[in-house]
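Asks: One structure follows; several queries about it will come next.
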Amino acid sequence: MSSLLLSKASGSVSLLIFGTAISLARKGIIQGASTVQRRLLVSLEVPSRDRAHSWLLAWMDEQARRQHLASQSGGQRRGEWIKDGLHLAGFAGSAPRPVKIISRDLAVITSTAAASGPTAAQQEAAAYQSGGPLPSSQPQATNTRPTRSTFSLVPGPGTHFFRYRNVWLRLVRERHGKLIDVTTGAPWETLTLTTLHSCRSVLPALLAEAEQMAASKVEGKTTVYTAWGVEWRAFGNPRKARRLESVVLQRGQKERLVGDIQAFLGRGEWYAKRGIPYRRGYLLHGSPGSGKTSIISALAGELDLNICLLNLSERGLTDDKLNHLLSMAPERSIILLEDIDAAFPSRSPPSSDGAEQSSAATKRPGVSSSVTFSGLLNALDGIASSESRLVVMTTNHVEALDPALIRPGRVDLIEELGDADETMAGDLFERFYGQVGKLVSFKDRLENAVRAVNQLRRKELGLDATGRYAAGSEKLTENIEAHDSVTSRRQQRSKATRRPAAKGGVSMAELQGLFIRYPDEAVEAVRELEDEAGVVVPEAA
């Protein structure tokens, strides 16, 4: 009996010792592997909030696209994809072939674009002119092009491996449960790159290549940013930069704006040496359709700048968030505040006790923003205001703006964009129809018609020939006097050498819309204006 108990006890002790040994060995292996990993491996974590996250996803998408092109091209086209405009030959040692990512967990990225080639309506018109049979693929020809979708399979959530510059890397794409970005609805995720510690230099090289690839895709394009909470995010895809020649203003206005902005962008060190805040403000005002938004887009395209749209009436925007957004704007960007008069009209006059009413009282009904007028002034030119900033404000009613908002230091250059005059109308006509043969006479007729329509409309509004309120007219209001009072002496001296912008006539947007309606019929566009002005032109002309 005693021997049986002794044998059971020894067996239990043996199992205890064996289990303890296994546990210690397991812990030792884990600690040893952790030590080896810390000493031999290096990891790089890229959260989804960082810009490099989108760069890496785009880089993986491009590798998948090149792999697909390489597999389809075959022997005769094997070298074509190597000459792709996105190929980054500038990185020494970069492999000419796309990186093959070994993965069993995939995700799809779908891009849609209009298919190339003529539309069905264009094919039908070409067939009719050539006398050939009409295409019968569609019951009714349209001017729309069919869309073409492209699918790219990229690594999804999970573990993946790839070889980059002869170095193996492990990629872990991990999503954090059910957490999502409340502004975009995208799930929170992290990309983790791991490689040997001795090969850690490949990580910044990979990030640099991804950044350069992302930059090459937006080269020559304008990116528009909007405010999402306290950060800026790209709104849609980058759009083709607008050419400066496509916007017609009074002679010298475009050159003046371009020269001033170029001088500002090149004087960062000059501002720093003199201790002057490196920022500049512009105000563009004029009647609707005078080209304020168009010239801003063209300036961004001409000077390779991006545009940051900031809506001061946005729900939830506060003074602190406004300051933060202005200080965190992307580099080389125009911060655009459109229709500034709609957010902050002129402050009320002093009350009987001599004190101004609060800025909160100046907000219009229905505005849900918490930005105050004093908060805007401090953000533009206060102690906490940021530098390296270019702000452009637009308004249709300059007389409604408070003088404190547009004083020098907050607004350094004011440009008034007026309606179309004869010269501007002629320039826009040449952009649409050219100056060939008989069209020269139509251009002269257009200029005469624009002059006549401007005179007719301004007479009905009680304006003089320059578009200003005529003396003694009932429409001469206190707003016009306020408009004159907010203009500083410096700006008045500058304006004395310029022709004042005309109002009350044909706007540039109206002329552009007229030419778009008659893209190939210049005579019809001219006749429509002549009909309004009551101008009778002999048919022989």
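Asks: Can you compute the label reach from residue 455? Point 7 Å from Cα along the Cβ direction, backbone N cut-off under 14 Å, restricted to the stretch 417-432.
Replies: Taking a point 7 Å out along Cα→Cβ of residue 455, the residues of the stretch 417-432 whose backbone N falls under 14 Å are 422.
Asks: Give, in whole angstrom and from largest to smallest, the semi-axes √(5λ) of the equivalent ellipsoid of the stretch 187-240, with λ running over the eigenvalues of the Cα gyration tensor. List each step's numbers first, then the result.
Replies: Numbers: eigenvalues 168, 60, 12 Å².
In descending order the semi-axes read 29, 17, 8 Å.
Asks: Assuming a viscosity of 1.002 mPa s and a temperature of 20 °C, what translational diffusion coefficient in µm² per second does Stokes-Einstein assign to the stretch 232-298, Rh being the Kirkwood radius over Cα pairs?
Replies: The calculation lands on 148 µm²/s.
Asks: Efficiency by 1/(1 + (r/R0)^6): what FRET value for residue 383 and residue 293, r their Cβ-Cβ distance, R0 = 35 Å, to the nearest 0.05?
Replies: On the way: r = 32 Å, r/R0 = 0.91.
Efficiency computed from Cβ-Cβ geometry: 0.65.
Asks: Would you calculate the separation in nanometres between label points at residue 179 and residue 21, each defined as 7 Å from the Cα along the Cα-to-beta-carbon direction?
Replies: My value for the distance between the label points is 4.4 nm.
Asks: Next up: How far, in nm, would the chain grow between residue 29 and residue 97 when pulled straight, counting 0.36 nm per residue and subtracting the alpha carbon separation?
Replies: Computed gain between residue 29 and residue 97 is 20.6 nm.
Asks: So how do 270, 228, 55 line up by other beta-carbon neighbours within 10 Å, fewest first? Could you put the intermediate results ahead of the total?
Replies: On the way: 270 12, 228 15, 55 21.
In increasing order of surrounding Cβ atoms, one gets 270, 228, 55.
Where a number appears in this text, it was derived from the coordinates with a stated rule and is not lab data. Computed from a predicted structure; not experimentally measured. Because the Cβ atoms are built from the backbone with ideal geometry, glycine has one as well, and the counts that use them run over all protein chains shown.
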